[in-house]
Amino acid sequence: MKEHQVNRLSMLILVLVLVFVASCNYYRPITKSSTMSSSAKSKELAEINQKTFIIRSNQGDFLLKNVNINLDEEKLEGVLEAVPEDNQVYIKDTKRRYSYSSQEKTVLQEIHIYTPLDPESKIGSFVSIPISSISKMELIEKDKARSTTNTLLLAAGVTVGVVAVVSAIVVSSIHIDLTTPTTNPTNPNQPPGMSCPFVSVYDGEDFVFQGETFGGSLFHSVARQDYLPLPALKIDPEIKIMISNERLEAQFTDMADLILVEHAPGDKILADPRGPLFLVNDVGRPKEAKLNGSREMLDRISKVDNIYCSFNDLNHISPNNELIVKFDHPGEGKDLALVLSLRDSPWLEHVFEHYLSMYGEESKTFIETMGAKSAEELYQWQEMNLVPLTISVKTPAGWKEVAQTRFVGPLMNREIAISLDGMDLIGPTVEVSFKTGFLYWEIDQIALASVSKISPDSIRVLKPSIALDEEGNDKLPMIYNMDDQFLAQTNTGDRVYLTYNFKEFSGSRSYSAVLHTSGYYYGKREITGPINREFLKKYDKPGGLAEFSRDRYTQVNQFVTNAAK
């Protein structure tokens, strides 16, 4: 496997390693709390502005030159440049060994800023970053405790979403951060995450990662369609998209149509996971949000800031967590939809893979048994284990289910619209319920919007005109139509480059793009060892996966807390 194609799952599972470390220099990333106020963050940055600023963003990693901390407007300003080789020690340290040589001391002068950037941000751009948008700051300093001779090292630690088990283990840690927006997976310095085919788009200069498609479709019987927004796509007469296998998986894509929506400048277009497209009009923020009736979540879900409601209430008696959100009713006679920015939690992958490993050498039989089931049976298994995000609204007749959002991928937030068409929403308040298993989903923002359906005359559906793999082989017949003839990408690093001809393109018009795909995938990991019958007796039951998720989180939380003392 290529160095940048690290299996993130292996980093997620709690590692207990005893090793002897020869004389070596070590550094440690000190994480500044994401709960600091913008004012406090600004002052912190101003005090260390002599440091080397490294921006870690959804658009890639950059060196920030000509740094200015604007205390009045609470903004971090500067010019984006390529990260010099001397400043890539921490970025390239995918195994999190945190060691450096005497020639690599520049790492000790760095501060890493995790923040989203606008899609047009690139090398040479001047950026003005709101301090409030910074999800995390990591200050690099020498780890004196580890930089000794023949030290016996106990390495342990995980972080989970923005509700990290620990911000960082100060001494002898493996720091795993799942809050950082994933950058372009084609960047060899940035290890990809996991789960389903990666979609990247050509922005005029390079291919930029946009998200994952048909997540959770682990068997042929549950191959499904998906609608992925492509905000960074450069739309012109010739449009280019890349679908790649960045993991130890076999992936099968049936079709990949490009949907273009022509609209007025500034209009916001969103897709419902079930297919319909909407023009988003007035957007209303929630007035109340509580998890399991007690935990306040309003600040977490009121805006997109990578601070999530993560459904991880350890004080709740059930592993099934419920978020109740209330809105002021926008008025009768309007078509309404929920606007959500969310992702399925990376923790869910860890839980499922650990659960599967308990079958040991019999896991292959278990997978074959599951693969032989119908789609209805597999969806029933998911629902039984509280995997979907179940969305309901309160009506005069009681709670009514609106949708079950299954998977959108754990690497990047996806913004979606959930239509409330046909729901009997009466009264001054609209009340919405979100239910899922313990730490299965992470919601960044929830809004209630009035929406309009898109006129068919504004929609263009383009078929790919060219489909070439990484070796230049023609793959167009396999991906042109949804006909159960699949483009097979069975090896890590497999790619297909798609070209779409947009003959009606006009530079004076505005467009939004959505990739409509269909397919499935499966993992290729080998699991060995005996079956753990005691474990399966305890958790192989309805709701067992969610119960295990909570138990496992508690176990990791306790271990890391003790290790940090």
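The values are calculated or read from the model by the stated rules, or taken from the named source; none is laboratory data. What you see is a predicted model, and the numbers here were worked out from it, not measured in a lab. Methodologically, a virtual Cβ is constructed for each residue, glycine included, from the backbone with ideal geometry; neighbour enumeration extends over all protein chains shown. Ligands, DNA and RNA are excluded from the accessible area calculation, which covers all protein heavy atoms including side chains. Shrake-Rupley method; radii C 1.70, N 1.55, O 1.52, S 1.80 Å.
Per residue, how large is the accessible surface of the stretch 62-148? Use a 1.4 angstrom probe and give square angstrom. Write out the running numbers ahead of the final one.
Details: 4120 Å² over 87 residues.
On a per-residue basis, 47 Å².
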Practice problem: Would you please name the GluC sites (Glu not before Pro) within the stretch 25-83 that are DSSP coil residues with at most 12 other C-beta atoms within 10 Å of their C-beta? | Solution: Glu73
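Counting only protein heavy atoms and a 1.4 Å probe, tell me what percentage of the stretch 47-97's accessible area is made up of carbon and sulfur.
Values: 880 of 2450 Å².
Ligands and nucleic acids excluded, carbon and sulfur give 36 percent.
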Quiz item: Modelled label-to-label distance, Asp328 and Glu141, 7 Å Cα→beta-carbon offset: nm?
Solution: 4.7
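Starting from the residue with the highest accessible area, list Met137, Met384 in decreasing order, probe 1.4 Å. Don't skip to the answer; put the middle values down first.
On the way: Met137 5, Met384 80 Å².
Output order, biggest surface exposure first: Met384, Met137.
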Self-check item: Rounded to whole Hz, the Karplus (6.51, -1.76, 1.60) HN-Hα couplings of the stretch 432-442, x for glycine and proline
Solution: 10, 10, 10, 10, 6, x, 4, 6, 7, 10, 10
Quiz item: Do any of Lys51/Lys136; Lys394/Lys435; Lys303/Lys400; Lys240/Lys268; Lys41/Lys75; Lys43/Lys136 go past 20 Å between their Cα atoms, and which?
Solution: Lys303/Lys400; Lys240/Lys268
Practice problem: Roll a 1.4 angstrom probe over the protein heavy atoms and tell me the percent of accessible area of the stretch 212-363 that is carbon or sulfur. | Solution: 49
Self-check item: Segment Lys537-Lys51, length gained on full extension (0.36 nm per residue, minus Cα span)
Solution: 169.6 nm
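If you stretched the chain out fully between Arg285 and Glu238, how much longer would it get, using 0.36 nm times the residue separation minus the C-alpha to C-alpha distance?
Working: separation 47, 0.36 × 47 = 16.92 nm, distance 3.84 nm.
Once the chain is fully extended between Arg285 and Glu238, it gains 13.1 nm.
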Quiz item: Which of the GluC sites (Glu not before Pro) across the stretch 471-563 are loop residues per DSSP, with 13 or fewer other Cβ within 10 Å?
Solution: Glu471, Glu504, Glu526
Quiz item: In Å², what does the accessible area per residue of the stretch 420-492 work out to with a 1.4 Å probe?
Solution: 46
Practice problem: Express in Å², to the nearest 10, the accessible area of Trp441 obtained by rolling a 1.4 Å probe over the protein heavy atoms while all chains stay in place. | Solution: 0
Self-check item: Surface per residue (accessible, 1.4 Å probe) for the stretch 251-311, Å²
Solution: 41
Quiz item: Which whole-Hz couplings ³J(HN,Hα) result when phi for each residue of the stretch 45-55 is put into the Karplus expression 6.51 cos²θ - 1.76 cosθ + 1.60, θ = phi - 60°, listed in order with x for Gly and Pro?
Solution: 5, 5, 6, 10, 5, 7, 6, 8, 8, 10, 8
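For Asp469 and Glu504, FRET efficiency with R0 = 25 Å and r from the beta-carbon atoms, rounded to 0.05? List each step's numbers first, then the result.
Values: r = 29 Å, r/R0 = 1.14.
That gives a FRET efficiency of 0.30.
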Quiz item: Under a point spin-label approximation (7 Å from Cα along Cα-to-Cβ), what is the Glu368-Asn70 distance to one decimal in nm?
Solution: 6.3
